[in-house]
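Notes to accompany the following structure.
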Amino acid sequence: MKTSKLTFNISKTAEILVPDKLGRSSYGVGLLICAVMTALITILLSRLPSVVPMYFTLPWGEARLTGRTMLYLLPAMTLLILGVNLGLGRVAVKLSPLLPRVLAVATAIIAGMLLLALVGIVQSLIL
């Protein structure tokens, strides 16, 4: 029987996609934070008021408020940033070996900042 060379192996695929161990762990932290944010929103959604403050750059008042389901934008933004940085890092590896690392660490830092923003929003409403 002939075996196909197109078999899928997650560890080999991850090493091909992000060859650097620091990059893989940083993207892993970003994914973990995204999962924590999604779980936190899902668990606390029924306890939150129908509108929550989200747009802190807008003038004070109703302009800052949005529906509570819009909190799912935070983990969605994390996934979008992760995908863009992963793609840019994949292309930039030919230019510099440092740039993919910087993008990976920046992804984890941005995910952490978005988690902190979510915790701040939830804390101000529940406590």
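Residues 80, 86, 65: which one is aliphatic (A, V, I, L, M) and in contact (Cβ under 8 Å) with a residue 40 or more places away in the chain?
Values: 80 fails: in contact (Cβ under 8 Å) with a residue 40 or more places away in the chain; 65 fails: in contact (Cβ under 8 Å) with a residue 40 or more places away in the chain.
After ruling out the rest, the residue left standing is 86.
If I ask for residues that are crowded, with 16+ Cβ neighbours inside 10 Å and among the small types (Gly, Ala, Ser), which ones from the stretch 87-118 would you list?
Within the stretch 87-118, the first condition is being crowded, with 16+ Cβ neighbours inside 10 Å, and the residues that meet it are 89, 92-93, 100-101, 103-105, 107-108, 110-111, 114-115, 118.
Matches in the stretch 87-118: 89, 92, 104, 108, 111.
Does residue 54 qualify as being in contact (Cβ under 8 Å) with a residue 60 or more places away in the chain and touching a Ser or Thr at 6+ places or on another chain (Cβ under 6 Å)? Criteria met by residue 54. Which residues, counting only those in the stretch 56-101, are at pLDDT 90 or above and within 19 Å of residue 20 (Cα to Cα)? If the condition is that a residue be at pLDDT 90 or above and within 19 Å of residue 20 (Cα to Cα), then 81, 82, 83, 84, 85 are the ones that fit. One residue stands out in the stretch 44-71 among those that are under 18 Å from the mean Cα position of the chain (by Cα) and within 15 Å of residue 119 (Cβ to Cβ): the one that is surrounded by the most Cβ atoms within 10 Å (Cβ to Cβ), namely 71.
The lone criterion from (1) surrounded by 14 or more Cβ atoms within 10 Å (Cβ to Cβ); (2) without any contact (Cβ under 8 Å) to a residue 40 or more places away in the chain left unmet by residue 121 is number (2).
The values are calculated or read from the model by the stated rules, or taken from the named source; none is laboratory data. Predicted model, so just to flag it, every value in this text is computed and none were measured. When we count neighbours, we look across all protein chains shown, and the Cβ atoms used for this are built from the backbone with ideal geometry, even at glycine.
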